[in-house]
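Read through the structure below, which is laid out as structure tokens, and then see the notes.
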Amino acid sequence: MPYTTQDLIEILDQELRAHWKGERLLLSSEKRLDNPVVAKAIGAGQLSKVFGYRDFQGQIHQYQLEHQVSGLIWRTHQFRDQSLRSPELHSQLIAIPDDKQILIEATAAVLQFWQRVTQGMSFWLAGHDPQPATPDQVEQWIHQTEWAELEAARTEVYLNLCWGNPRECHYQWSQPDSGCIRVIAAIAQPGLIKV
């Protein structure tokens, strides 16, 4: 019987701790960095930890694909007196092909929750200097994306409107093939939390 998503998360967590404690050694780590100055500055021990864990994580990702083990976890988000349980990709795993479809199917519930809890709030396009956004702009962005993700804080709600590869969508380098538009709903202006 294959490992479950939770099993893989626990295995990765244990392995990461072992690497950072120096209990794992990767002898060829210095040869993997093309810049000898940076390699010397970081040191062989640190390089061994980084590349050793990355190799192990790559094996876990291969296992996921071979055995079709989902990279999704389910989280409960709460804002005011409302709650929503929705899927999201775990930061250390990859999405298998079925995972993206699950994210897409959960979008309607995410958007319904967003609309319920953001009544009377103002919208902002997240960034270094958040820009005001209108409800019409948010609606237009919603129609241009494949799935939605949510994060709720005490006084703000964050909506990620995503497309492309779930593993890459949060990185700017992946655009235009993958990406996320991040919208903040706040009573007035958004706080100083970096989204």
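A few points about this structure:
- A 1.4 Å probe run over the stretch 61-195, with the rest of the protein chains in place, finds 56 Å² accessible per residue.
- Backbone geometry of the stretch 63-72 corresponds, through the Karplus equation with coefficients 6.51, -1.76 and 1.60 at θ = phi - 60°, to 3J(HN,Hα) couplings of 4, 4, 5, 5, 10, 6, 9, 4, x, 8 Hz, x marking Gly and Pro.
- Per-pair calculated FRET efficiency, R0 = 30 Å: residue 109 and residue 16 via Cβ, rounded to 0.05: 0.40
- Farthest toward positive dipole pole in the stretch 77-185 [+1 Lys/Arg, -1 Asp/Glu at C-beta], among 150, 107, 118: 118
- Stretch gain in nm, segment residue 153-residue 91, where the contour uses 0.36 nm per residue and the Cα spacing is subtracted: 20.4 nm
- For the stretch 103-195, alpha-carbon Rg relative to the globular expectation (2.2 N^0.38 Å, N residues): 1.01
- Descending by average beta-carbon neighbour count within 10 Å, the peptides 84-97, 112-125 line up as 84-97, 112-125, the highest first.
- Amide H contacts for residue 153 (H built 1.01 Å from N in the peptide plane; partners 5 or more residues away or on another chain; cut-off under 5 Å): 158.
The values are calculated or read from the model by the stated rules, or taken from the named source; none is laboratory data. On a predicted model such as this, the values are computed, not experimentally measured, just so you know. All Cβ positions, even for glycine, are placed from backbone atoms using ideal geometry, and neighbour counts span all protein chains on display. SASA here: full protein model, heavy atoms, side chains in, ligands and nucleic acids out. Shrake-Rupley method; radii C 1.70, N 1.55, O 1.52, S 1.80 Å.
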